[in-house]
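A.B. asks: Starting off with a structure, shown below.
Here, each number is a calculation from the coordinates, and none is a lab measurement. Predicted model only: the values in this text are computed from it and were never measured. Note: ideal-geometry Cβ built from the backbone for every residue, glycine included; neighbour counts use all protein chains shown.
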């Protein structure tokens, strides 16, 4: 599908509302910090990802993937997911405790990454001030099952949460298996202080601005997740300060005209779906 194609979600979806909100970037950082607490998942990232040499490139590719699968055409979303699945099939992760080798596309690992993203995007949006009812929140979790299927999770392989209650239950069940490993701390340090050209770091507000975003992401982590980062000299953010900072940031960004604040993918999507009957949303698979 091309012109007029609603993609996986469409403009009336909760997914569009959340992924187009200024809180989205902070939600993404929260997701990264949460994902790092799974020892096997983080071992896979540490062994296979080029995040050390090119952290900005990896972050950009991840952001573009979410943008394409959210706002792109159905064909573009499926093509992007196909490329990711093809890469995953070649990679493995080693359990740092047992030495057992897992494929990176192991359903349990994919589910962990998926749930961290869904929980983080939703939580940041609500804490940032986006008005979402409990029904909206459940609808978002259910819509995101489509993302799970894109990366290879099927009803036969694993049960993907479809409500906020099921999402909360998932985290309760998996918590005993989580901890901050050495690669997790390494990832946290790299995310907190990524490489920048000297003139960017010292002659622009880029470094403190980025640090503020990371502090918001960390501050919005669940209390139990913060406690797992036991070797930090000091917590870089609290829930209260992170919420206040995020709301101030969101208010400032929303004051900008859409031509400035909206991403190219969102602008293209709005142009593409203009005039498409909203009833077509009902035909999209859950």
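A.B. asks: How do 97, 106 rank when sorted from fewest to most other Cβ atoms within 10 Å of their own Cβ? All intermediate terms of the calculation are to be shown ahead of the outcome.
C.D. replies: Working: 97 12, 106 20.
Ascending number of Cβ neighbours within 10 Å: 97, 106.
A.B. asks: Per 0.36 nm of contour for each residue apart, how much would the distance between residue 12 and residue 262 grow if the chain were fully extended, relative to their Cα-Cα spacing? Write down the numbers at each step before the final one.
C.D. replies: On the way: separation 250, 0.36 × 250 = 90.00 nm, distance 1.69 nm.
Contour length minus the Cα-Cα distance gives 88.3 nm.
A.B. asks: Okay, moving on. I need to check one value: relative contact order of the chain, counting alpha carbon pairs closer than 8 Å and at least 6 residues apart, in percent.
C.D. replies: Values: 351 pairs, mean separation 88.9, N = 286.
Answer for the chain is 31 percent.
A.B. asks: Something else now. Among 66, 101, 141, which comes first, second and so on when ranked by fewest other beta-carbon atoms within 10 Å? Walk me through the numbers on the way to the answer.
C.D. replies: Numbers: 66 18, 101 11, 141 22.
Going from sparsest to densest Cβ surroundings: 101, 66, 141.
A.B. asks: Taking 0.36 nm per intervening residue step and subtracting the Cα-Cα distance, what contour gain separates residue 87 from residue 274 on full extension?
C.D. replies: Details: separation 187, 0.36 × 187 = 67.32 nm, distance 3.45 nm.
Contour length minus Cα-Cα distance gives 63.9 nm.
A.B. asks: Express in nm, to one decimal, how much length is gained between residue 134 and residue 61 on full extension, taking 0.36 nm for each residue of separation and deducting their alpha carbon distance. Mind dumping the intermediate values first?
C.D. replies: Values: separation 73, 0.36 × 73 = 26.28 nm, distance 3.13 nm.
Gain in length upon complete extension: 23.2 nm.
A.B. asks: Then there is this: 222 nm [θ] for the chain, helices only, -39500 (n - 2.57) per DSSP H run of 4+, per residue, to 500? Please report the intermediate quantities before stating the final value.
C.D. replies: Values: 16 runs with 176 residues, N = 286.
After summing the helix terms and dividing by the residues of the chain, the value is -18500 deg cm²/dmol.
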